[in-house]
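Read-outs throughout are calculated quantities, based only on the coordinates presented, and are distinct from any laboratory measurement. All figures in this text were calculated on a predicted structure; none of them were measured in a lab. Glycine gets a Cβ as well: all are built from the backbone with ideal geometry, and neighbour counts include every protein chain shown.
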Amino acid sequence: MKHFILGILGFVSMAAHGQAQVSMCKTSGIVDRITCPSNAVDISGPHITRKVKYALPAGKAPKGGWPTVVIYQGSFFEVEFSRQRILPFGGYNEIRLIQSLLDHGFAVVAPPAISGVAWMTNLIGVDYELSEDFYFVQELLKKMKTGTFGKLNMNRLYATGISSGGYHSSRMAVTFPGTFKAIAVESASYANCKGPICFVPQNIPENHPPTLFLHGEHDSVVPVGTMLDYYERLKNVGVEAEAVIDATAGHQWIDEAPELITNWFLAHP
C-alpha cells in the first residue's frame, strides 16, 4: 500500500459537501501550469514590511465571510499562485491545494517568511513571542479581521504549510490558541522542533485544534518519527488527530495533500 493511515479518517469527503464549482484557476501550457487569480497587500511588522499574497473564491461571500486558510511557506520557496508541474518538493501539489481550496469556498492568504527564507518558530536562540514573526502574525490577523483581504470569516480560520511552514502551522496552535479551527502539517512536527532534533512537550494546550499530519516515509530532512511523536502526544491528551504517511515520498507535499487537506478543513466548520 502507498499510504499508512493512522487513526480513523473520519472526516468527510468533498463529495459530501457538494461538488466544487467550475474552477476559477486555469491550466495552460505543455507543462501544465496552474494559475489562480490573486492580489497582494503590504503588511508591516515592527521592522519589516512583507507583501502578502491572497485570493478569494469566485462569487459573493457568504453572510459570515469566506472561511480562510493561511498557507505558510516552506524554507526558501514562497507560496505562489501560479506554478508548473515540474517543481521540487512537490511544489505543484501546493498550487493544486490552492486551487482545491478556492474551488471549495475557502479564501487563501499566503504570507511570506522574512526575506522568503524561513519562519522564526524554531530558530535556535529565538524566543518566538519576542520575534518579528510573532508581531507580524498579530498584525496579519488584525488586518484580516478589519477587511484588508475582503470579507473573511474569522471564526473559520485554518492553517497549513510544509517544512518550516508546517512548524509554523503548529505554532498557530501553540501561541495563538483558539484562533484556528484546524491545522494541517506537511513534512514537519511540533512548533519548535528542528528536523531530527525534536522534543514534544507533555503540556499540550487543551484547545489545540484538530490536526492532520501528512508525511513522506523517506523524509530525510524531517524524520517521520518526529511527526509521530507529536501525533501520539495529541492522541494521548484527547486532541483529534490523523496522520497519513506516503510510503513512496520524501520531504515534499504528497500527491494526496490537496484533497486530504481540503477535506480536513471542510470537516471542521
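Send over the per residue convex hull volume for the stretch 83-161, Cα only, as a whole number of Å³.
On the way: hull volume 9.8 nm³, N = 79.
In the stretch 83-161, the Cα hull volume divided by residue count equals 123 Å³.
Could you work out the relative contact order of the chain, using alpha carbon pairs under 8 angstrom and six or more residues apart, expressed as a whole percent? Please report the intermediate quantities before stating the final value.
Details: 604 pairs, mean separation 59.0, N = 269.
Contact order relative to length: 22 percent.
How would the stretch 67-223 be classified by its alpha-carbon gyration tensor: rounded, prolate or oblate, with rounded meaning a/c under 1.5 and the a/b versus b/c comparison settling the rest? Intermediate values should be presented prior to the final figure.
Numbers: a/c = 1.44, a/b = 1.07, b/c = 1.34.
The shape class here is rounded.
Can you give me the Cα centroid spacing of the stretch 143-191 and the stretch 70-94 in angstrom?
17 Å
List 200, 237, 137, 109 from most exposed to least, where exposure is judged by having the fewest other Cβ atoms within 10 Å.
Details: 200 20, 237 14, 137 25, 109 28.
Exposure proxy ranking, most exposed first: 237, 200, 137, 109.
Sequence neighbours fewer than 8 away in the same chain don't count; with that in mind, list the lysines whose C-alpha is under 21 Å from residue 142.
51, 53, 63, 151, 181
Report the paramagnetic label zone for residue 63: residues of the stretch 177-209 whose backbone N is under 13 Å from a point 7 Å from Cα along the Cα-to-Cβ axis.
From the stretch 177-209, the list is empty.
Can you give the % of DSSP beta bridges in the stretch 94-220 that are antiparallel, to the nearest 5?
Details: 2 of 11 bridges.
Taking every DSSP beta bridge within the stretch 94-220, about 20 percent pair in antiparallel fashion.
Determine, for 183, 34, the number of other Cβ atoms within 10 Å of each Cβ, and report the residues in order from fewest to most. Spell out each step's value before the answer.
Values: 183 28, 34 21.
In increasing order of surrounding Cβ atoms, one gets 34, 183.
Give the residue list of trypsin sites (Lys or Arg not before Pro) in the stretch 168-269 that are DSSP loop and have at most 15 other beta-carbon atoms within 10 angstrom.
Values: sites: 171, 181, 194, 233, 235; in loops: 181.
Sparse-neighbourhood loop trypsin sites (Lys or Arg not before Pro): none present.
Taking every DSSP beta bridge with both residues inside the chain, roughly what % is antiparallel (nearest 5)?
Numbers: 21 of 45 bridges.
DSSP beta bridges in the chain are roughly 45 percent antiparallel.
How large is ³J(HN,Hα), in whole Hz, for each residue of the stretch 205-222 in order, when computed from phi with the Karplus curve 6.51 cos²θ - 1.76 cosθ + 1.60 and θ = phi - 60°, using x for Gly and Pro?
x, 4, 9, 4, x, x, 10, 9, 10, 10, 7, x, 4, 9, 6, 8, 8, 10
Could you work out the Kirkwood radius for the chain, taking every pair of different alpha carbons, averaging 1/r and inverting it, reported in Å? Spell out each step's value before the answer.
Numbers: mean 1/r = 0.0544 Å⁻¹.
Value: 18.4 Å, from the Cα pair sum.
Would the stretch 23-72 count as rounded, prolate or oblate if I go by the C-alpha gyration tensor, calling it rounded below 1.5 in a/c and otherwise prolate when a/b exceeds b/c, oblate otherwise?
oblate
Over the stretch 63-216, what relative contact order in percent results from Cα pairs under 8 Å that are six or more residues apart?
Details: 279 pairs, mean separation 39.1, N = 154.
Here the relative contact order equals 25 percent.
Between Rg and the Kirkwood Rh of the stretch 177-257, both from Cα atoms, what is the Rg to Rh ratio?
On the way: Rg = 12.1 Å, Rh = 12.8 Å.
Rounded to two decimals, Rg over Rh is 0.95.
Order these by the 10 Å Cβ neighbour count, fewest first: 145, 63.
Details: 145 13, 63 7.
Least crowded to most crowded, the residues run 63, 145.
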